Amino acid sequence: MAIPANAAASLSFPVINMEKLETEERGAAMGVIGDACENWGFFELLNHGISHELMNEVERVSKAHYAACREQQFKEFAAWTLEAGEKGADVKDVDWESTIFVRHLPASNLADLPDLDHHYRQSCRRCRQVMKEFAAEIEKLAEKVLDLLCENLGLEQGYLKRAFAGSRGPTFSTKVSSYPPCPRPDLVDGLRAHTDAGGVILLFQDDQVSGLQLLKDGAWVDVPPMRHAIVVNIGDQPEVITNGRYKRVMHRVLTHTDGNRMSIASFYNPGADAIIFPDPALVGAADAGERNEGEEGTAVYPRFVFEDYMNLYVRHKFEAKEPRFKAMKADAAPIATA
Ligand SMILES: [Fe+2]
């Protein structure tokens, strides 16, 4: 059954002006963030401290990079996909997306990306440097967001950062995507519905070409494009750590007949050997009002090593989200936490 769209809901999409966090309106702004984490899985940040000039440059070089290095290859893929779809093949398991991945932590691969050299002497001259500067700013913002979540949850500052650290620190990477115009949006999505496996995701999205939608209360809701905003969404792991209080939600990208959508998503994720589990204080708080005195709360998510979760996730990314944790529970083996 097709899921309906809820256009009205996007009008109340949670947007936080971060400058208000420094004023007497901080409490209200924190409340919007808390409500967003519990009920939307997404929120949007304005005045987040990343310079508009840097964002403009990131947009310019990523679009130039697509035109110079990836467009031709995408056109071949697009022609094949359309032909197959129009002949009746099911291409709903295909994403109408052109991407490059840049890893920043624990070790950067920026210097190894041969594609970035292709147009180096022309409009992509500063490509690597710009992406490096932007990643450093996004990493700082991601850690600030984690601490805002800690504050709302009553956890000490740095708790979530430490929970993600593992032995080598967090994993941090960026997916630079283009969603070129598609003459048959009915045949293929830009990116199929999924949740994100990791921690928090910070997205710099096109302000002219929409397409990102989240699933809320059984209907698709647009994530409104706003100039120089950063969209944040909750990955699977904060849902585990908060014992379900914070929600990762399904989201997708639609295709359009006009416009080439830019999307630069940065993933601040746990390190491979980080051990993820519901925080005991949050487990205790979750259903406190419904328990008799002396009864302990129930952890509804298992304890696992993040890399094990990722091994499961890559096989089931585009399937329903709930069975993943059931499978982790079934596989659960004792984990040394000393
Ligand atoms: Fe995603």
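The table below lists the values:
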| item | result |
| --- | --- |
| Of the criteria (1) part of a loop (DSSP other than H, G, I, E, B); (2) within 14 Å of the ligand (Cβ to nearest atom); (3) surrounded by fewer than 21 Cβ atoms within 10 Å (Cβ to Cβ), which one L215 fails | (1) |
| Filtered residue count, the range 242-278, keeping only those that are more than 16 Å from the ligand (Cβ to nearest atom) and small (G, A, S) | 5 |
| Number of the exception - A28 against (1) under 23 Å from W220 (Cβ atoms); (2) in a helix (DSSP H, G or I); (3) free of Cβ contacts under 8 Å to residues at least 12 places away in the same chain | (1) |
| Checklist (1) aliphatic (A, V, I, L, M); (2) touching a helix residue (DSSP H, G or I) at 6+ places or on another chain (Cβ under 9 Å); (3) within 12 Å of the ligand (Cβ to nearest atom); (4) not in a loop (DSSP other than H, G, I, E, B) applied to L203, failing item | (2) |
| Any hit, the range 141-163, residues being within 16 Å of the ligand (Cβ to nearest atom) and not aliphatic (A, V, I, L, M) | no |
| D222, sole failed condition from (1) surrounded by 23 or more Cβ atoms within 10 Å (Cβ to Cβ); (2) more than 15 Å from A265 (Cα to Cα) | (1) |
| Residue that is modelled with the highest pLDDT [pool: residues in the range 100-122 that are crowded, with 16+ Cβ neighbours inside 10 Å and in contact with a Lys or Arg (Cβ under 7 Å, 6 or more places away or on another chain)] | L110 |
| Every residue from the range 159-179 that is farther than 30 Å from Q208 by Cβ, in contact (Cβ under 8 Å) with a residue 12 or more places away in the chain and not hydrophobic (A, V, I, L, M, F, W, C) | Y159, K161, G166, S167, R168, G169, P170, T171 |
| Failed criterion for R168 (all others in (1) within 16 Å of the ligand (Cβ to nearest atom); (2) over 19 Å from the mean Cα position of the chain (by Cα) hold) | (1) |
| Residue ID - farthest from the ligand (Cβ to nearest atom), chosen from residues in the range 222-235 that are under 14 Å from Q208 (Cβ atoms) and in contact with an Asp or Glu (Cβ under 7 Å, 6 or more places away or on another chain) | R227 |
| Unmet requirement for P238, which otherwise passes all of (1) of a type outside the set (D, E, K, R); (2) in a loop (DSSP other than H, G, I, E, B); (3) within 16 Å of the ligand (Cβ to nearest atom) | (2) |
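The values are calculated or read from the model by the stated rules, or taken from the named source; none is laboratory data. Everything numeric here is computed off the predicted structure, so don't read it as measured data. So basically every Cβ, Gly included, is an ideal-geometry build from the backbone, and we count neighbours across all protein chains shown.
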